[in-house]
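The values are calculated or read from the model by the stated rules, or taken from the named source; none is laboratory data. Just so you know, these numbers come straight off a predicted model, no measurement behind them. Quick reminder, even Gly has a Cβ in these numbers, built from the backbone with ideal geometry, and neighbours come from all protein chains shown. For accessibility, only protein heavy atoms count, side chains too; no ligands or nucleic acids. Shrake-Rupley method; radii C 1.70, N 1.55, O 1.52, S 1.80 Å.
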Amino acid sequence: VESVLVVKRTGHQINMEAGRDMWYHELMNLPIANNNDCLEMVDAEHPLFLLYTSGTTGKPKAILHTHGGYMVGVYTTLKYVFDIHEEDRYWCAADPGWITGHSYIVYGPLLNGATSFMYEGAPNYPYPHRWWQMIEKYGINILYTAPTAIRGLMRFGDAWPNRYNLSSLRLLGSVGEPINPEAWRWYYRVIGKERCPIMDTWWQTETGMFMITPMPCTPLKPGSGTKPFPGIVADVVDENGNPTKPNEEGYLVIKTPWPAMLRTVWNDPDRYVNQYWKKYPGMYMTGDSARKDEDGYFWIIGRVDDVIKVSGYRLGTAEIESALVSHPAVAEAAAIGLPHEVKGNAIHCFVLLKSGYNKSDKLIDELKLHVAHEVGPIAKPEHIEIVESLPKTRSGKIMRRVLKARALGLDPGNLSTLEE
Ligand code: 7RM
């Protein structure tokens, strides 16, 4: 560490190390921060930032975004998808360290001159009313968050949001994973009071900007990100790169460039090519599986590698998790595959209960049967463990790699060979 910028915020006593630590506010008073002449003009393709994406599996890679394209993509998508107006108070409740924070807490709102609300803290501190209280107090119009946060708050019941006046809200957003029907309905009914459309935005660290998303005027189908943003050409293709038939599962690809696309993987151009461009020449491989219905609406299934092969059947972890979460006792769930002598892999699940429910063998048996009933007998979990928390990235994505490592008694960093 060469130097550390310290932001004065809590007023706690800080032991600054001379020559290393500097107050941010003192630096900001230096002429350089106030004088536009000191800004350096760069080319549109000049690197803007690197964001490491650990993914939920594998080794982290640094995604490179550039000035011009990222600016155009993020500005335009935020403007049209959230229809930001002068009088709006927009709140993206993501972690700033996630691409969602970079694009839609910092860059997009600043470019749009939006009034952007920011909150740093746990959603349930000191009580699970925190978000709803702030929406009322600050008159938030647009709330953009993730299904994991919705489920986390839903867990405490309707009474918390119902105590507050949420009538300022006019638009809701969702990002990060497919939104399961229970979470969608709760968000729509209890938070949006059946008045606020939900913008289910599909995109990635790599895409920088929304790619498949409704706009406020788009007729919605709950659980679908609807259609590609204007100018984006997305498709679902089979193993040979041919478009699938309606409702047939395949690989989600992007067929033309877009402004905020990643430019490379820093220091690893081979990985950039192999991961995204190799499988089908001229198509960007998202790594997600999806289907497109008869109306051309996209339904994201999940990461291609988040699949468990049980006795030859391919089961999506999201499918099993969504089935578990549809049980009234379950708040959050994670499914992983562990080696099994007969089936190849067996399904192991980790379940977080809603408040008011207690763990028992009877409940575990009931949950296993529930999954078998919802998804099919082949999906019946071998083992269900009731847990107090699940390991997650800052974007709220479950780190199945960590759960797997724990279950196998391995170091989570050494799992790549198992997954490839
Ligand atoms: C924005 C973000 C990317 C992965 C992506 C998908 C999943 C994201 C949605 C979604 C279904 C959505 N960037 N994902 N948004 N799946 N519906 N609306 O999450 O780089 O952290 O993750 O997240 O699998 O490939 S990310």
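Here are a few things to note about the model shown:
- Restricted to the stretch 266-351, the set of strands (runs of 3 or more DSSP E) holding at least 1 residues that are away from the ligand (no atom under 12 Å from the Cβ) and closer than 26 Å to GLU182 by Cα comprises 284-292, 307-310, 313-316, 330-340.
- Hits in the stretch 375-394 (condition: within 16 Å of the ligand (Cβ to nearest atom) and open to solvent by 40 Å² or more (accessible area, probe 1.4 Å)): LYS392, ARG394
- Enumeration of residues in the stretch 256-285 that are open to solvent by less than 70 Å² (accessible area, probe 1.4 Å) and among the basic types (Lys, Arg): ARG263, ARG271
- Lone qualifier among LYS397, LYS354 - being closer than 30 Å to THR100 by Cβ, within 16 Å of the ligand (Cβ to nearest atom), open to solvent by 30 Å² or more (accessible area, probe 1.4 Å) and not hydroxyl-bearing (Ser, Thr, Tyr): LYS397
- Residue-level check: of (1) touching a residue at least 12 places away in the same chain (Cβ under 8 Å); (2) under 16 Å from the mean Cα position of the chain (by Cα); (3) closer than 20 Å to MET71 by Cα; (4) crowded, with 17+ Cβ neighbours inside 10 Å, GLY101 misses just (1).
Let's see how each residue does on (1) modelled with pLDDT of 95 or more; (2) under 28 Å from ALA260 (Cβ atoms); (3) in a loop (DSSP other than H, G, I, E, B); (4) open to solvent by 20 Å² or more (accessible area, probe 1.4 Å):
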site: LEU166; (1), (2), (3), (4): yes, no, yes, no
site: GLU177; (1), (2), (3), (4): no, yes, yes, yes
site: GLU182; (1), (2), (3), (4): no, no, no, yes
site: GLY208; (1), (2), (3), (4): yes, yes, yes, no
site: MET215; (1), (2), (3), (4): yes, yes, yes, yes
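- Across the stretch 220-230, a minimum of one residue is classified as touching a residue at least 12 places away in the same chain (Cβ under 8 Å), part of a strand (DSSP E or B), surrounded by fewer than 23 Cβ atoms within 10 Å (Cβ to Cβ) and within 16 Å of the ligand (Cβ to nearest atom).
- Condition met for TYR70 (open to solvent by less than 30 Å² (accessible area, probe 1.4 Å), at pLDDT 95 or above and of a type in the set (Ser, Thr, Tyr)): yes
- One residue stands out in the stretch 146-164 among those that are over 17 Å from the mean Cα position of the chain (by Cα) and not in a loop (DSSP other than H, G, I, E, B): the one that is farthest from the ligand (Cβ to nearest atom), namely ALA159.
- Residue count, the stretch 341-371 (criterion: within 24 Å of GLY157 (Cα to Cα) and of a type in the set (Asp, Glu)): 1
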